Amino acid sequence: MLYVYAPEQGDLYVSLLRPALPGWRIGAWPEPVDPETVTHVAAWAPPPGLFAPFGQLRTVFNLGAGVDALLRRDDLPASVEIVRLTDAGMAAQMTEYCLYGVLHWQREMDAYRRQQAEGVWVQRQTRLRADVRVGILGLGELGGRVARDLSGMGYRVSGWSRGPRALDGIVCRHGDDGLAETLAASDVVFCVLPATAATRHLLDAARLDCLPEGAALINAGRGSLIDEAALLARLDDGRLRFAMLDVFSEEPLPADHPFWCHPRVIMTPHVAADTVPAEAVRQIAARLGGGEAIPSGRIDRQRGY
Ligand code: NAP
Ligand code: GLV
C-alpha cells in the first residue's frame, strides 16, 4: 500500500495516484490505515513519529527536492530507501524567483523604492543583462536549469557545485577556490544548494566578504547555508545591497527576527518553488510502475542529498 501524507492536498494526490497506479492500494492521512500494510509512503514534512508504526516500510517518496528534514529523523531506519522528486515543476519556478531578484538588482528597484519614499525623481543609468554577473551555487536539477535559463537570456552566468560540471556557455567551478572565485565574480549570487553537513554556514563572514561591494544575495536553498548574523551585519553596513530570502534557519521566522523589517531584506515564506502534484505523481508512478525512464531520485544518505 502507498500512503500519502500531504495535508490539504491528500485528496488531490489520491485522485491522481489511483488511475496512475491501478494495481495499488492508495490512502492518505488522516484516513486510518493498518500500519502493517504500508510499504510505501509519499510525504512532505511529515510529523515526528509518522513512520514509526510502519514495520513493512520500504520506500519514502519525498514530495519535494530537499531531503534534509527526512535525514534528521529517528523513525526512518537506514534500510528504508528515500527517493526525492527531481524538478517536478520546480525548476521553472526557481528561474522566476531568481530572475525577480536579479532584475531587482539590475534595474535598481531597491533604489527607486527609496527614491519614491523620499519624493526623489532621479533617473539611474540602465545596466544591460550582458553586464550583470550572476553566480549560481548548486548546479543540480534546479540550479542547473536556472543557470541555463539566465544564460539564455543574456546574463553572464557562472556556477559552483561539489564536483566538476560542464554547462554550455556557463563558467563552472568547484572546490573551495572555485567558490571564492565564483563569489568574487558575482553581482548577484543565487543559492540553491541542499542542506548538508558540508554546506552548513557555507556562506559565513569570510565567504560573504568575497562578494563585491554592493552585491546581492538570493537564498532559495535552505536557511542553514548562511550565517544569518554575518549576513545581517553586511546588510546593516550596506556592504551588501540587499538579500532576497525564501528560507531561514528557523521556519516560520520568529516574529522578533530583524529580517522582518530590515530595509535591505526581501522575504518570502518558503515558496520559491512548489511541487506540482501531477508531476510528482508522474515520477512516483514511473518508479513504481516501471516503464518510463526518469532520473533515479535516490538519495545518498552519506552525502546528504
Ligand atoms: P540536486 O539536483 O541534488 O543538486 C544539488 C546541487 O548542489 C548539485 O549541483 C551539487 O553538486 C551541489 N552541492 C551539494 N553539496 C555541495 C557541496 N558541499 N559543495 C558544493 N556543491 C554542492 O538538488 P536540487 O533538486 O537542485 O535542489 C537543491 C535544493 O534546493 C534542495 O536540496 C532544497 O534544499 C532546495 N529547494 C528549495 C525550494 C524552495 O521552495 N525554497 C524548493 C525546492 C528545493 P554536484 O553537482 O557536484 O552533485
Ligand atoms: C522545498 O523546499 C523542497 O525542497 O522541495
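The values are calculated or read from the model by the stated rules, or taken from the named source; none is laboratory data. Computed from a prediction, not measured in an experiment: that's the story for all the values here. Here Cβ is always computed from backbone atoms with ideal geometry, including for glycine, and neighbour counts include all displayed protein chains. Side chains are part of the model used for accessible areas, which takes the heavy atoms of the whole protein and leaves out ligands, DNA and RNA. Shrake-Rupley method; radii C 1.70, N 1.55, O 1.52, S 1.80 Å.
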From the residues in segment 71-88 that are within 12 Å of ligand 1 (Cβ to nearest atom) and open to solvent by 30 Å² or more (accessible area, probe 1.4 Å), which one is farthest from the chain's Cα centre (by Cα)? LEU71
Using the structure shown, decide if ARG234 is over 21 Å from the mean Cα position of the chain (by Cα) and either basic (Lys, Arg) or open to solvent by less than 10 Å² (accessible area, probe 1.4 Å) (or both). yes
Checking VAL146 against (1) free of Cβ contacts under 8 Å to residues at least 24 places away in the same chain; (2) within 27 Å of GLU181 (Cα to Cα); (3) not acidic (Asp, Glu), the condition it does not meet: (1)
Checked segment 8-61 for anything without any contact (Cβ under 8 Å) to a residue 24 or more places away in the chain and at positive phi; matches are GLU8
Out of all the residues in segment 93-111, is one or more open to solvent by less than 10 Å² (accessible area, probe 1.4 Å) and assigned to a loop (DSSP other than H, G, I, E, B)? no
If I go through segment 87-124 residue by residue, how many of them are within 20 Å of GLU279 (Cα to Cα) and in contact with a Lys or Arg (Cβ under 8 Å, 6 or more places away or on another chain)? 5
If a residue must be crowded, with 17+ Cβ neighbours inside 10 Å and either outside the structural domain of ASP11 (by TED's automatic domain parsing) or within 12 Å of ligand 2 (Cβ to nearest atom) (or both), how many such residues does segment 44-60 contain? 1
Among residues of segment 259-305 being under 30 Å from ALA229 (Cα atoms) and of a type in the set (Gly, Ala, Ser), the residue farthest from the chain's Cα centre (by Cα) is GLY304
I want to confirm something. Restricting to segment 269-286 and keeping residues that are touching a residue at least 60 places away in the same chain (Cβ under 8 Å) and within 14 Å of ligand 1 (Cβ to nearest atom), which single residue is most open to solvent (accessible area, probe 1.4 Å)? ASP274
Looking only at segment 254-268, count every residue that is open to solvent by less than 30 Å² (accessible area, probe 1.4 Å) and farther than 23 Å from GLU96 by Cα and tell me the total. 1
I'm trying to understand the selection: among the residues of segment 102-138, which are under 18 Å from LEU245 (Cα atoms) and among the small types (Gly, Ala, Ser)? GLY135, GLY138
Of the numbered conditions (1) among the charged types (D, E, K, R); (2) out of contact with any Asp or Glu (no Cβ under 9 Å at 6 or more places or on another chain); (3) within 16 Å of ligand 2 (Cβ to nearest atom), ASP237 satisfies every one except a single condition; which is it? (3)
Looking only at segment 286-296, how many residues end up being assigned to a loop (DSSP other than H, G, I, E, B) and touching an Asp or Glu at 6+ places or on another chain (Cβ under 9 Å)? 1
Pull out all pairs, ordered by first then second residue, where Cβ-Cβ is under 9 Å, the residues are six or more apart or on different chains, the first lies in segment 245-261 and is without any contact (Cβ under 8 Å) to a residue 12 or more places away in the chain, and the second is open to solvent by 100 Å² or more (accessible area, probe 1.4 Å). PRO254/TRP260; HIS257/GLU250
